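The values are calculated or read from the model by the stated rules, or taken from the named source; none is laboratory data. Keep in mind the model is a prediction, meaning the values are calculated, not measured. Cβ: placed from backbone, ideal geometry, glycine included. Neighbour counts: every protein chain shown.
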Amino acid sequence: MLQDFLALIYPRHCIACENSLYKHEEQVCNYCKVNLPKTNFHKSIKNPVDALFYGRTPLQLATSFYMFTKKGGVQKILHAIKYKHNKELAELIGTWFANDLKEDLIISKADYIIPVPLHDKKFKIRGFNQSEEFAKGLAAGLKIPLNTEVLMRSDFTDTQTKKNKYERWENVEDKFQLTNLDDFKNKHVVLVDDVITTGATIEACCAVLQQVEGIKISVLSIAYASN
């Protein structure tokens, strides 16, 4: 009764479509949960996200949960996570994606999930790492250990949002470093980011991870922005 009363005073709304939520719905209504544009790229090794890295870095699998479209529901979800500090939403999306990936023969057999790190300065400003929160949901759903210590961002970088492809690469080149290399020899790691656009950040991370002997890398993100 108390929850019903509070819902009347403080109604909850779907992050994606802004319609009212029912009691059993979490952050995103059931309609949007079903109808948001999933890529389903994990069902094909050769997909647009994977193709983005052809000739740039060898990967086991690269895929994203959603397709990004301007002013669409996915953009609203990403905005809520990044700018409204909705950590719970990022983790929830991770658990949903994990459910789709449980039967995937590549991802389900990975040894570690590693989020793209933030520099300490940016972490203090923002208060959290959206890729790490998303990775928490993936790790819990897939029952794969989460590692937030092996990959570190060594330099503070500007936002990538308004940079072109070359500027994005230049902004992140040589900005990452590794610790505990021996623990990851011959392991399969899943690198996790929030959005993949040009792939510059992922490529920079992979260049560092490939220093590890025998390492295999896959890539996951919340969304893929093709433009």
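Brief remarks on what is shown
- Scope the range 178-206; condition of a type in the set (A, V, I, L, M, F, W, C), closer than 20 Å to Lys136 by Cβ and either without any contact (Cβ under 8 Å) to a residue 40 or more places away in the chain or in contact with a strand residue (DSSP E or B) (Cβ under 6 Å, 6 or more places away or on another chain) (or both); matching residues: Val189, Val190, Leu191, Val192, Val195, Ile196, Ile202, Cys205
- Subset tally (residues that are basic (Lys, Arg) and either assigned to a helix (DSSP H, G or I) or not assigned by TED's automatic domain parsing to the domain that holds Thr201 (or both)) for the range 39-54: 1
- Screening the candidates Phe68, Phe97 for the property of being within 20 Å of Ala140 (Cβ to Cβ) and in contact (Cβ under 8 Å) with a residue 12 or more places away in the chain yields one hit, Phe97.
- Neighbours by Cβ (under 6 Å, 6+ apart or cross-chain): first from the range 102-118, free of Cβ contacts under 8 Å to residues at least 60 places away in the same chain; second part of a strand (DSSP E or B): Pro117/Leu151; Pro117/Met152; Pro117/Arg153
- So His13, is it in contact with a strand residue (DSSP E or B) (Cβ under 7 Å, 6 or more places away or on another chain), of a type outside the set (Lys, Arg) and not assigned by TED's automatic domain parsing to the domain that holds Val190: yes
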